[in-house]
Every structure is written in C-alpha cells, then in structure tokens.
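Undergrad: The structure under discussion is supplied below as structure tokens; questions concerning it will follow.
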Amino acid sequence: MTGQKGSLDNLSINFATVRQGGTFGEIVDACLRHGISAISPWREHVAAAGLEEAARIVASNGLKVTGHCRGGFFPAPDVAGRRAAIEDNRRAIDEAAALKADCLVMVVGGLPKGSRDIAGARAMVADGMAEILPYARQAGVKLALEPLHPFYAADRACLNTLKQSLDLCDTLGEGVGVAIDVYHVWWDPDLEAQVARAGRNGQIFAHHICDWLVPTTDPLNDRGMMGDGVIDLPRFRRMIEAAGFFGPQEVEIFSHRWQARPVDEVLSVIVERFANVCQPGASPAAA
Ligand code: ZN
C-alpha cells in the first residue's frame, strides 16, 4: 500500500506549484521528466488545453489525477449568483469525471460581497453542496471539502476547521469527504481526533503538503517548501496513514519565490524533500 521510502508513486504535483511551467501538456512533461506521474490540475489549465485533450494526455501517459481544482464558491449576494455557482460546479464535476480525478476539490467560498453574515454564508455552502451532490454522485465524482485556514474565511472559504467540514460531510452523506492540507490545519489542537474521525468514515480524499514559514510574509503566496517551515510533516503523514489514507501526498505551494524559479529546479527540490522530510518514518530534523 505505502510506497517504499522516497518512492515517487506517492508524490503528486498540484499545478499551482509549477504555474510558471506553461501549458497543461508542458507541466505534465516536466513532471514525467522527474519521474512523477500523479498530478492535480487547475480548471484554467484544463480549459486552455481543452477538456478532451487534457483527458487524452492523462490517459495516454497513465497519469493519476489526485484532484481537480476546484469547485465551490457557493455564497453570492443574490439568487442569480448562487444559481450561476451551481451551474459552474456542475461543469467542474463534468471535468473531474472526464479526467477520472480522485476528487473535485471544493474551496467553498467566503462572505458574499457586502455581507457580514458568516453564518448565512455557511448556510449557502451547505445548500450549494446539497444541490450539486446528486449530480456528482451520478457522475461518480467525489467532492472533497477543503477547510482553509481562518485567515481566508472572508474571501475564500468559510469552512475553517476539519471538524466543521466533517460535520457538514456527515449531514450530506455519501460522496463527500475532505482534502486535508497541512497548511490550513496543522495548528488545530483537535487535529489528531478529527483526522482519525475522517479515516473511520472513509472521508479522507486527499492529502496536500507544503510548509508554514516563520515569518509568513504573504498568507496567500508565501507558502513554504516542505522542510523549510514549522510543520512536522512525518508526524502528520503518520497520522494520515494511521487513519487509513495511503494515497499520494500532493505538493501545493503557492509561492512567489518558488514560482520565480525554473520548473525543473523546483521539481528537483520537491523530489529530494519528498524523500527526506515527508515520509512517515523521516526525522522532522532531517532538513
Ligand atoms: Zn490544498
């Protein structure tokens, strides 16, 4: 089940990490040059390539798609806006199905423009998820709610803890789980219990990795390379595996620093760090 230490079978690259790498096909080629065959593309990459062509590249190279990024953004100030979000999510589900993605990652959205009602926004998220879920089930696409660090509650996601996300999963039922991103949840005192809970219910759909830098100069675009920050990644992975999830660790680093470097250099560093600081048996001090 688990790859051997450093095996690249269990390493996935989120396209946000190598945005500078060009088109869908060019980023795939770069990953393949480094022995990486699992990817997580963004909708804009897929749209630019064309869905059929993207699906063809995935199939012909035997790639695993660990997630399609992303659905969500349900809250809107009016009914028309909320309807448009539902329609857009249906299209995202179609794309995830065509790519045979493990899940559609859901960044659920924050406050509607002009609103101070976070409870209302959260209700819109629950309603939106309930509305698209039958469509996702029919398409065979799993929906992975991604709780985001509370910093993003206003503008990106009003789901901010694993517990809150799992409570919503439990309300919605079959076909909904979580994407657990170390960046967003590493600080949570309830983390271990909630990861175990997610595992018991088969609700862990993805494991995203990067690191939390001290200081973090830009909460959106200053995420760290694994090993450069304060997250105990081996311990985190042990927790995830103890909960029964052995799927790939997906590297998702939004960073102006790393995006200024050549893609091959970034991927070389990722492969090295993956082997040395991300494995469950690694010492957190190895970096
Ligand atoms: Zn993530």
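Undergrad: Write out, first by first residue and then by second, each pair whose Cβ atoms fall under 6 Å of each other, whose residues are 6+ apart or on separate chains, and whose first residue, in the range 248-269, is under 15 Å from residue 66 (Cα atoms) while the second is open to solvent by 20 Å² or more (accessible area, probe 1.4 Å) and at pLDDT 95 or above.
TA: 248/10
Undergrad: Now for a different question. Please give the number of the condition residue 88 fails out of (1) in contact with a Pro (Cβ under 6 Å, 6 or more places away or on another chain); (2) more than 28 Å from residue 10 (Cα to Cα).
TA: Failed condition: (1).
Undergrad: When you scan the range 156-171, do you find a residue that is modelled with pLDDT of 95 or more, open to solvent by 60 Å² or more (accessible area, probe 1.4 Å), assigned to a loop (DSSP other than H, G, I, E, B) and of a type outside the set (Lys, Arg), even just one?
TA: No, because not a single residue in the range 156-171 is modelled with pLDDT of 95 or more, open to solvent by 60 Å² or more (accessible area, probe 1.4 Å), assigned to a loop (DSSP other than H, G, I, E, B) and of a type outside the set (Lys, Arg).
Undergrad: Out of the residues in the range 243-274 meeting the condition of being in a helix (DSSP H, G or I) and of a type in the set (Lys, Arg), tell me which one is farthest from residue 8 (Cα to Cα). Outline the logic, then answer.
TA: We begin by selecting, within the range 243-274, every residue in a helix (DSSP H, G or I); these are 256-259, 263-274.
Next, from what is left, pick out any that are of a type in the set (Lys, Arg): 257, 273.
Working: 257: 24, 273: 11 Å.
Taking the candidates together, the pick is 257.
Undergrad: Just give me the residues in the range 121-140 being on the phi < 0 side of the Ramachandran plot, out of contact with any Pro (no Cβ under 8 Å at 6 or more places or on another chain) and either open to solvent by 10 Å² or more (accessible area, probe 1.4 Å) or modelled with pLDDT under 95 (or both), in sequence order.
TA: 122, 123, 126, 127, 130, 131, 134, 135, 137, 138, 139
Here is a yes/no grid of residues against (1) out of contact with any helix residue (DSSP H, G or I) (no Cβ under 9 Å at 6 or more places or on another chain); (2) within 21 Å of residue 210 (Cα to Cα):
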| site | (1), (2) |
| --- | --- |
| 14 | yes, yes |
| 25 | no, no |
| 32 | yes, yes |
| 36 | no, yes |
| 48 | no, no |
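Undergrad: Of 168, 143, 159, 148, which residue is in contact with a helix residue (DSSP H, G or I) (Cβ under 8 Å, 6 or more places away or on another chain), within 17 Å of residue 75 (Cβ to Cβ) and within 12 Å of the ligand (Cβ to nearest atom)? Before the answer, list the steps.
TA: On the way: 168 fails: within 12 Å of the ligand (Cβ to nearest atom); 143 fails: within 12 Å of the ligand (Cβ to nearest atom); 159 fails: within 12 Å of the ligand (Cβ to nearest atom).
Testing whether each residue is in contact with a helix residue (DSSP H, G or I) (Cβ under 8 Å, 6 or more places away or on another chain), within 17 Å of residue 75 (Cβ to Cβ) and within 12 Å of the ligand (Cβ to nearest atom) leaves just 148.
Undergrad: Among the residues of the range 245-271, write down those that are open to solvent by 50 Å² or more (accessible area, probe 1.4 Å) and of a type in the set (Ser, Thr, Tyr). Before you say what the answer is, go through the steps one by one.
TA: Initially, the range 245-271 is screened for residues open to solvent by 50 Å² or more (accessible area, probe 1.4 Å), giving 246, 256-257, 260-262, 264-265, 268.
The one that is open to solvent by 50 Å² or more (accessible area, probe 1.4 Å) and of a type in the set (Ser, Thr, Tyr): 268.
The values are calculated or read from the model by the stated rules, or taken from the named source; none is laboratory data. Quick caveat, the model's predicted, so the values are computed rather than measured. Cβ atoms come from the backbone with ideal geometry, glycine included; neighbour counts cover every protein chain shown. SASA here: full protein model, heavy atoms, side chains in, ligands and nucleic acids out. Shrake-Rupley method; radii C 1.70, N 1.55, O 1.52, S 1.80 Å.
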